[in-house]
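Read the structure below first, then the notes.
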Ligand code: NAP
């Protein structure tokens, strides 16, 4: 049986094994999917992956960029994003790809949200924020604002977005009090796991109509609850997690899928995870 999995550090909370189990059942795929929770250097991890004959793996915190120098090549979209969440072994070579941005796009489509001509505030500047910014630019957002606790990654994200897309309507903000925007996207871990009681943002000090939280567990974060209380439309991160996983699996196993397939998977995953 071909072996797949999720590479990351401190990821025992991950829903990916459950999601891939549901996907494999839906598409009649016979493959294993396990957690590779590893804190060694990417070089040692990659050597181990080759030795164990792993056919493909997803990548999460903190390896989305760190793994890149140890892969044989990248797809165009992964190179553009400088971030990898899906690796596939093709003829013995490990190829890095990224399905986060298309997963984000599919989640918005499912929830009838277009970013065209919108002003978007992105909280965070890591891998997920990069995926959000890419999609915002590709969907002709009017303006993208980045709010992050430190400067370094904010600057890197803005330089990448400007040079890759020649998009100049992107800037960082130190404070979002009093801002008027259309959509706020949380791409930090605030509200999840060890940050469960921390709100990613305060919706009472900003004028915005929609809040998208990429956190998928708990189902409703502190910030999502607060956003609902002030009447904002709220979207949680599980749909994106499922969409990016389905796309990864289709790359690995070669199946094609329809919207109805993903709907069934989302439904099954929701039942397993939230009930
Ligand atoms: P990442 O690359 O490590 O980036 C994390 C970002 O959050 C960075 O901007 C970091 O700020 C910020 N941050 C971390 N801890 C913080 C704290 N205590 N207070 C304020 N800001 C903090 O991680 P990622 O891959 O982007 O993932 C971010 C979140 O999105 C995670 O919760 C992940 O599970 C979720 N996610 C969801 C999906 C989905 O499909 N729904 C997909 C990808 C990610 P600094 O730059 O200052 O360090």
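Order these by the 10 Å Cβ neighbour count, fewest first: 57, 167, 201, 255. Walk me through the intermediate numbers first.
Details: 57 28, 167 19, 201 24, 255 15.
Starting with the residue having the fewest Cβ neighbours, the order is 255, 167, 201, 57.
Computed from the Cβ-Cβ distance with R0 of 45 Å, the FRET efficiency linking residue 164 to residue 1 stands at 0.70.
Relative contact order of the range 102-236, taken over Cα pairs closer than 8 Å and 6 or more residues apart, is 21 percent. With the largest listed first and rounded to whole Å, the semi-axes of the equivalent ellipsoid of the range 102-236 from the Cα gyration tensor are 21, 16, 15. For the range 72-168, the Kirkwood radius over C-alpha pairs fed into Stokes-Einstein at 25 °C and 0.890 mPa s yields D = 174 µm² per second.
Taking the C-alpha atoms only, the angle from helix 259-274 to the longest principal axis of the chain is near 80 degrees. Based on the reciprocal of the average 1/r between different C-alpha atoms, the Kirkwood radius for the range 149-225 equals 13.9 Å. May I ask you to derive the FRET efficiency for residue 273 and residue 53 from their Cβ-Cβ distance with R0 = 30 Å, giving the value to the nearest 0.05? The value I calculate is 0.50.
Using the Kirkwood radius over Cα pairs, work out the Stokes-Einstein diffusion coefficient for the range 1-78 at 4 °C and 1.567 mPa s, in µm²/s as a whole number. List each step's numbers first, then the result.
On the way: Rh = 13.3 Å.
Answer, rounded: 97 µm²/s.
Note: relative contact order over the chain, using C-alpha pairs below 8 Å and six or more positions apart, is 16 percent. In summary, the convex hull built on the alpha carbon positions of the chain has an orientation-averaged projected area of 13.9 nm². Between 0 and 90 degrees, the angle of helix 100-110 with respect to the longest Cα principal axis of the chain falls at about 60 degrees. Helix 238-253 versus the longest principal axis of the chain: what is the Cα-based angle in degrees, 0 to 90, to the nearest 10? Approximately 30 degrees, to the nearest 10. Remark: 39, 83 ranked as 39, 83, counting other beta-carbon atoms within 10 Å and listing the fewest first.
Kindly put 175, 82, 97 in sequence by how many other C-beta atoms sit within 10 Å of each C-beta, fewest to most. All intermediate terms of the calculation are to be shown ahead of the outcome.
Working: 175 8, 82 17, 97 22.
Lowest to highest Cβ neighbour count: 175, 82, 97.
The numbers here are math on the coordinates, done by the rules we state, and not lab data. Worth saying up front: this structure is predicted, and the values here are computed from it rather than measured. Note that we place each Cβ from the backbone using ideal geometry, even for glycine, and neighbour counts take in every protein chain shown.
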